[in-house]
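*Asks:* Have a look at this one before I ask anything.
Rule-based calculations on the coordinates, nothing more; no lab input. Note that this is a predicted model, so its numbers are computed, not measured. Methodologically, a virtual Cβ is constructed for each residue, glycine included, from the backbone with ideal geometry; neighbour enumeration extends over all protein chains shown.
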Amino acid sequence: MQCSLDFFKALPFVRTLLKKEMVEMEKRLRGSLPARPPSLPQRLSLPAKGTKAEEVLAALVEAARGDGDGAGKLSGALYLPKEAGDDLDDDDDDDDDEFVVVEGSKKKEKEEEKKKEETKKATKNVSSAPPPPLTHSSLLNAAYAAFAHTNPMVSKRKRGKKGERETRRERKKDASFRSTSLRKKKNPENLLFQKKKKTLFQHSSVFPAAVCLERDVVSMTASILHGSTTTHGNNDENERVRGQVTSGGSESILLAVLAAREFSFRAGRCVRFGDEGRRPEIVLAASAHAAFFKAAHYFGMRVKVVKPSSSSSSNSSTAVAPRLTAGDVRRHLTRNTALVVASAPSFPHGVVDDVEGIARETSRRGVPLHVDCCLGGFVLAFAKEAAEQAEAEAEAKKKKEDENNDDADDDKTSPSSSTSAIINNRRRKSLRFDFAVPGVTSISIDVHKFGLSHKGTSVLLFKGSDRIDGATLRRSAFVATSDWPGGLYVSPGVAGSRSGALLAAAWASMVSVGRVRKEEGEREKGEREKTKKGTRKLENSKKKTFKKFQKSQKLQEGYVSAARSIFSQVDEFISGIEAGAENPADPLSELEVIRGDAVIGDGDDDGDDEGGGAAAAGFPLGPVVAFRSKPSSSLNIFVLNDLLSSQSGWHLNALQRPAALHCCFTAQHARGGARRLLRDLRSAVVALRERERAREKEEESESEGDGDGDGDGGSLKKVAKKKKGVVEEEGMAPVYGMASASPDRGLVGEFLLTFQDVLLTG
């Protein structure tokens, strides 16, 4: 039967008719969406200036009141029992059913209100200063709590007797509801859609605010990546960016890979079953996130890892990272290629792949291109604006210094750090990796990282290209079933039920922070000065507390400002390592930063030296900086990491192939983070060298005391003991040493599985 239907639908005139009907259905679906709460105006882009935290929270609290209304009448949407402090779900449709309030309770409420007023009057005379404004963390927590009960995936009708009577009256007015026969109906689609009621299928959303929050988060995220969820009036639906919020970067990557795989099946490039040689493939660099390997494992796909060239091996005299280029993609594209992955930046080394060059290659072949921006992409989105602001401020500062020092020597040169920062800012201005590049079809980016929101919030975005329909690509990741006894089922992601709390926190963070720095602290200070004279007589402690709050707020105000502070720390750290390399007496002379100017393979003639390709070359531009010990040095980078952790409390990520460490700079490092890390690195290197010298002395003394002591294991055991400041090697250094030395990667994998099992079972 299904084969006959598929053949019938494949006929040209039937296909055209079905397409027309689906367009009309989509229009009606958009019109049937639940009404947006008045307190949540639609946001198609990130606001230019951040909104006051109190205003953001007030809007969210007001919107949350309508979500889950009529909770006592919902089927499987809310599970917590009502408590004494909760609002009662009364029937406003039943005139006869009135809520009876005991007279004693009324008296008690009046007494409580009286006590509150008296307390308010008493505290008013103590201090006329208003309460301190909300911190960013407090705002997120309050927004999370307001929407913790919501579930944007649940669709039920908010019903009652009143709603039912209205629906019946509307049906009586519309003759199309009187007949159940499709032939006699004037509008057959009214079986699914009610004209005046405007409901989605047979239900309206219980949590309309949560749904609106997700759309806003998607729109604001798309706007910072040079995409738009609207068509800009050109009626080109393929230019529209579509997206969804996921539980994290891993889920975003899983869904992007799933969409590409299903799209390849629909396009006939690959087969689902049968021919093993037609399995879908993913082309990526060795530096791509490990979640892509997880996705390939889950979905039965092959992974083509572009091997780094000899220049980027661990034995190279120059520290370079395996950056994916257009030439590599061209050589690895086949009929089975379902997806090409680029990173901006890469997790291990923080370098940016040649997105522009890769996009040209994938566009020619009609292959989807996914750009992974989960770690640091939210910062790179503001790189150009941050660089322009930094250059403008530097020019203004220089001009002011020249005016004040007209007689100063003109031969004075700027410090190397300033020079390095200027070069990196120029590169950041020319960096292109997002939807501004034609051919980029999907992007994954985490809001819970540099978007300053709670953990578990990522955004997956899709956009069409010349040979790829964006809507079809996105829907390829959806799962829908029409024969389930539980009803019609459709799901856009891995999770079914999910809380709207994270959506509210992400929305609150993006709206409150905004694109540019807002002077909320200064505004609050002005408001305080305009109040009564009692405000000026605050205690010194309160003044200090408010000043500390102002300083902390400035770190969070404006994504551009936050990006600038992170970039400055990155540049300072790189300059410190490079300056140490020029001074043999500096302990940092044994370390080097891993650069992104390596080209994987050869023969790339697609203009990597222009635009994004040139900008991606050189030192890392994003928040992630990787460094290693020089090949000429005997310094064990993993032992250094353990020592750095035990002595100074730093917890850096250990890398392999080559052995290295990386630090991801965040807002936590905005004030002197790079300087502290450089200082502690010097101390750790000195301590490690002193430990090695002490160990050598002890070995010499052991060998002198025992003539043949070197031949047995006794002296080696003695060396490992804690004597004379020599400590036993612990931590992850032996583990990574074993993993690097072992040629059997399967054995290393078994060790990791055992480690995970022990971690979960205890």
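*Asks:* Taking amide hydrogens as modeled 1.01 Å from N in the peptide plane, which residues meet the under 5 Å criterion relative to L46, leaving out close sequence neighbours?
*Replies:* HN-HN under 5 Å from L46: S223, I224.
*Asks:* In whole Hz and in residue order, list the ³J(HN,Hα) couplings for region 333-338 that follow from phi through the Karplus curve 6.51 cos²θ - 1.76 cosθ + 1.60, θ = phi - 60°; x for Gly and Pro.
*Replies:* 6, 9, 5, 7, 5, 9
*Asks:* Listed highest first by mean packing, meaning other Cβ atoms within 10 Å per residue, what order do 692-699, 493-500, 260-267, 343-350 come in?
*Replies:* Ranking, from highest mean packing down: 343-350, 260-267, 493-500, 692-699.
*Asks:* If you don't mind, another one. Using θ = phi - 60° and the Karplus form 6.51 cos²θ - 1.76 cosθ + 1.60, what ³J(HN,Hα) does each residue of region 35-41 get, whole Hz, x for Gly and Pro?
*Replies:* 5, 6, x, x, 6, 10, x
*Asks:* Taking amide H positions as placed in the peptide plane 1.01 Å from N, state which residues far from V241 in sequence (5 or more) or on other chains have amide H under 5 Å from it.
*Replies:* Amide H neighbours of V241, under 5 Å, 5+ apart: S228, T229, T230.
*Asks:* Which order results if F665, F299 are arranged by neighbouring Cβ count within 10 Å, fewest first?
*Replies:* By the 10 Å Cβ count, ascending: F299, F665.
*Asks:* Working out 0.36 nm times the residue gap between K110 and K429, then minus their Cα-Cα distance, what length gain in nm do you get to one decimal? Walk me through the numbers on the way to the answer.
*Replies:* Values: separation 319, 0.36 × 319 = 114.84 nm, distance 6.30 nm.
Contour length minus the Cα-Cα distance gives 108.5 nm.
*Asks:* Using the beta-carbon distance between E26 and A585 and R0 = 51 Å, what value does 1/(1 + (r/R0)^6) give for FRET efficiency, to the nearest 0.05?
*Replies:* So the FRET efficiency works out to roughly 0.15.
*Asks:* Here is a follow-up. Please sort 575-585, 140-150 by packing, taking for each peptide the average over its residues of neighbouring beta carbons within 10 angstrom, highest first.
*Replies:* Ranked by mean Cβ neighbours within 10 Å, highest first: 140-150, 575-585.
*Asks:* Mind giving me the nanometre distance, one decimal, between the label points for D275 and V490, set 7 Å out from Cα along Cα→Cβ?
*Replies:* 3.3
*Asks:* Which order results if W507, W650 are arranged by neighbouring Cβ count within 10 Å, fewest first? Intermediate values should be presented prior to the final figure.
*Replies:* Details: W507 32, W650 17.
The most exposed by this proxy come first: W650, W507.
*Asks:* On to the next question. Please give the contour-minus-distance gain from R302 to S634: 0.36 nm per residue of separation, less the Cα-Cα distance, rounded to one decimal in nm.
*Replies:* Extra length available between R302 and S634 comes to 115.7 nm.
*Asks:* Starting at the first residue of region 422-429, write each ³J(HN,Hα) from the Karplus equation 6.51 cos²θ - 1.76 cosθ + 1.60 with θ = phi - 60°, in whole Hz, x for Gly and Pro.
*Replies:* 5, 4, 5, 5, 4, 5, 5, 5
*Asks:* What is the fewest-to-most order of V320, V305, V570 by other Cβ atoms lying within 10 Å of their Cβ?
*Replies:* Ranking V320, V305, V570 by Cβ neighbours within 10 Å, fewest first, gives V305, V320, V570.
*Asks:* Between R364 and R15, how many nm apart are label points set 7 Å from Cα along the C-beta direction?
*Replies:* Reported label-point gap for R364 and R15 is 2.8 nm.
*Asks:* Between A267 and Q656, what length in nm is gained on full extension when 0.36 nm per residue of separation is reduced by their alpha carbon distance?
*Replies:* This chain segment gains 136.2 nm when fully extended.
*Asks:* Can you give me the C-alpha center-to-center distance between region 360-396 and region 236-303, rounded to a whole angstrom?
*Replies:* After rounding, the separation between the Cα centres reads 23 Å.
*Asks:* For V351, list long-range residues whose amide hydrogen, built 1.01 Å from N in the peptide plane, is under 5 Å from its own amide hydrogen.
*Replies:* Amide H neighbours of V351: S346.
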